[in-house]
Amino acid sequence: MQNVVPLPRHLIGMLTPSSNTVLEPYTSLMLEPLFPVVSAHFGRFRVTRIALDDSASEQFRQEPILAAAELLADARTDVIAWNGTSASWLGFDTDERLCAEIRSRTGVKATSSVLSLNRLIAERGVKRLALVTPYTDDVGARIVANYASIGVEVVAGAHCGMSDNFSFAEITEDRIAAMCAQVAGAAPDAIAIVCTNMRGALVGAEVERRLGVPVYDSVSTTLWGCLRALDLPTAALARFGSMFAAPLDPDIALPAE
């Protein structure tokens, strides 16, 4: 009997809002050039509505998320990411605490969509940011305030005024492209598509090439952050955006994950 050499594998775990229908297929599509060496595996917890009231915020309490993370850890994942953007309006510290608790409970590296976006913003020296979201204006205003607190000015924002999480996935790519073009008029350093249930990954890369402005889609930034956490090269994913093509600058101090 011949000896079998096991295939090297890097397993990415992602925590997914229950009503999300975008991030799993788009992440799997982007990972195709690295398959089967790198693969993504998903766990869900209930999230159905995005708003600033207490009942909506309660969806993001730690315990249900940690329970889902512990199940993902059973798959011996090398990193676990919260693939959602709640920290953009609840406060960046909520993801910092969540990731610390995931690491404590599972012994697995942890990151999130928002922490990865902020790492990317720091690495690329972004000071003028534009936002594209499906959210209501008050949620958008909270995101603006949180970025101001870390020295990043939001110079333009386009929001769809929606709160039903499932419906975010029904926003067309043409509309997302138009929103990106709208905010690009403010000459930002980068555009952030903030929502992991918005179909921005592919169209964002197309808009970036057309307008010459970096576009950081939330599903893409989560995957970028996971690959960074595993010290894996990202150049094979360059067609999905400049974030994957450009190398990490070792001279830039980055926020801790």
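Values in this text are rule-based calculations from the coordinates and carry no lab data. Everything numeric in this text was worked out from a predicted model, so none of it was measured. No Cβ is skipped: glycine too gets one built from the backbone with ideal geometry, and neighbour counts run over all protein chains shown.
Structural remarks
- Backbone N within the stretch 162-176 under 13 Å of label point (7 Å from residue 137 Cα along the Cβ vector): 162
- Rg/Rh (Cα only; Kirkwood hydrodynamic radius) as it applies to the chain: 0.95
- Taking 0.36 nm per residue of separation and subtracting the current Cα-Cα distance, fully stretching the chain between residue 54 and residue 97 would add 13.5 nm.
- Peptide packing: for 14-26, 203-215, the average count of neighbouring Cβ atoms within 10 Å per residue gives the ranking 14-26, 203-215, highest mean first.
- In loop segments of the stretch 68-114 as defined by DSSP, there are no chymotrypsin sites (Phe, Trp or Tyr not before Pro) with at most 15 further C-beta atoms inside 10 Å of their C-beta.
- Calculated mean residue ellipticity at 222 nm for the chain: -12500 deg cm²/dmol, from DSSP H runs with n ≥ 4 weighted as -39500 (n - 2.57), summed, divided by the residue count and rounded to 500.
- Extension gain, residue 63-residue 39: 0.36 nm per intervening residue step, less the Cα-Cα distance, totals 6.1 nm.
- Cut-off under 5 Å, modelled amide H: who pairs with residue 41 long-range: 12, 13, 14
- Candidates 146, 197, 118: whichever shows maximal mean-square fluctuation once the chain is modelled as a Gaussian network with Cα springs under 10 Å: 146
- Between the amide H of residue 170 and any residue lying 5 or more places away or on another chain, no distance stays under 5 Å, with hydrogens modeled in the peptide plane.
- Trypsin sites (Lys or Arg not before Pro) restricted to the stretch 65-115 and DSSP loop, no more than 15 other C-beta within 10 Å: 76
- Alpha carbon centroid spacing (whole Å) that separates the stretch 162-178 from the stretch 5-43: 23
- If you wrap the tightest convex hull around every Cα atom of the stretch 125-215 and split its volume per residue, you get 82 Å³.
- Length added when fully stretched, residue 172-residue 127, from 0.36 nm per residue minus Cα-Cα: 13.3 nm
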